[in-house]
1. Please give the length that would be gained between residue 330 and residue 200 if that part of the chain were fully extended, namely 0.36 nm times their separation in residues minus their C-alpha to C-alpha distance (nm, one decimal).
2. Using 0.36 nm times the number of residues separating residue 106 and residue 15, minus their current alpha carbon distance, what extension gain do you get?
3. Which of the peptides 292-298, 257-263, 327-333 is most tightly packed, and how do the rest follow, judged by the mean count of other Cβ atoms within 10 Å per residue?
4. When the chain is fully extended, how far beyond the present Cα-Cα distance does residue 317 get from residue 263, taking 0.36 nm per residue of separation?
5. Would you please give the FRET efficiency between residue 308 and residue 234, computed as 1/(1 + (r/R0)^6) with r the Cβ-Cβ distance and R0 = 22 Å, to the nearest 0.05?
6. Mind sorting 95, 246 by how few other Cβ atoms lie within 10 Å of their own Cβ, fewest first?
7. Treat each spin label as a single point 7 Å out from the Cα along the C-beta direction, and report the residue 91 to residue 181 distance in nm.
8. Rounded, prolate or oblate: pick one for region 5-71, where a ≥ b ≥ c are the square roots of the eigenvalues of its C-alpha gyration tensor, a/c under 1.5 means rounded, and failing that, prolate if a/b is larger than b/c, else oblate.
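Where a number appears in this text, it was derived from the coordinates with a stated rule and is not lab data. Since the model is a prediction, treat every value here as computed from it, not as a measurement. As a convention, Cβ positions derive from the backbone with ideal geometry for all residues, glycine included, and neighbour counts pool all protein chains shown.
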């Protein structure tokens, strides 16, 4: 089979971008946990190190058995909490045991056991003045084992005989573990310079509106890469102006690095990753929770269309309750359909409702809380329809979509005013779109990541 230079270049670019997406989704990537992606990272290490530094200001280290991408930027807004296998978030106690286990394991050079590690953790806690003992109670043991299982999931620990879960169930069980010392030393991010302290490092990393234009543009790229949707009205004034002026240049740089498309609209900007990229939870999914969540989003999008550019619209409490009852309740038609299949277990109505709202909140499609829910503009990507299972809400003899009624006559009185825009952002849509049109001309000749970033080309500026 013949090949040409174009097909070879396309394959090379595809490999590099697939490796970059894998690192963005899994900042600690090991040979054992990601056997398909890690060889790509090793093969294109030099290109990846340079591009991550130039485009996002991230520091990448590639070793013989692992790669570590150290991120800086909107950690508070985009980071997801560590969770147990059940999905429950780590408690402060579990984080304490994770830190203590790392402090002990980074010095280990050979095989160990869970009981021996528990003794070492107890001693380290006593030395640090921390009240922690994995053998004290079932709750302590569970927190300790959750920390160890997290490290095993990262590829930093290998269960060579038995499983950590055995010790959680039986305090006498003593599984054998093999620490991967170099991987363990890469779990926690290290300060890039000797004169940095943790407070200044975190303050610089969380600065959402730097003074310099180049630093500000880098922060915008990080926000676009790590956030599902960046809404214009939620940005500081300077960053909103930078986004309007440089969004196509940022799209070109991120597309070159990650192989993604960029969707630019009046409300905001979103990166659209290829299907195989797993940086965010898959949605919609085939399980009952995912399907009910999709139905709810489509229904609300059909009923609450604002008829104008808007970052979000309020969801009336009655509308939400009625829709959830129709889609999650005992008599929901979908529940009867799932019951006839051999698919996953269908949660009870209250639990299903809770998980659906948690899923949509985590995806950024819903914001707020009970009585104060808002549907975001990103929900429109999943279509709009009024679900036939949900009865219309009667409200002063009017119901249906909130789209302005074009059939109103001249004698019907003034049409209701659109909701106020407290920050005046959406009133600037026309100027933003004009800036987009003007800036498209220079997109191909702008900075696509080939120019040195805020830290130069020496790799010292990433955290």
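1. Numbers: separation 130, 0.36 × 130 = 46.80 nm, distance 5.34 nm.
Separation in residues times 0.36 nm, less the Cα-Cα distance, equals 41.5 nm.
2. Values: separation 91, 0.36 × 91 = 32.76 nm, distance 3.27 nm.
That works out to 29.5 nm of additional length.
3. On the way: 292-298: 24.1, 257-263: 18.7, 327-333: 16.7.
My ranking of the peptides, most packed first, is 292-298, 257-263, 327-333.
4. Working: separation 54, 0.36 × 54 = 19.44 nm, distance 3.11 nm.
Stretched fully, the residue 317-residue 263 segment lengthens by 16.3 nm.
5. Details: r = 18 Å, r/R0 = 0.80.
The value I calculate is 0.80.
6. Details: 95 17, 246 22.
Result, fewest neighbours first: 95, 246.
7. About 3.4 nm, to one decimal.
8. Details: a/c = 2.03, a/b = 1.26, b/c = 1.62.
Cα axes put region 5-71 in the oblate bin.
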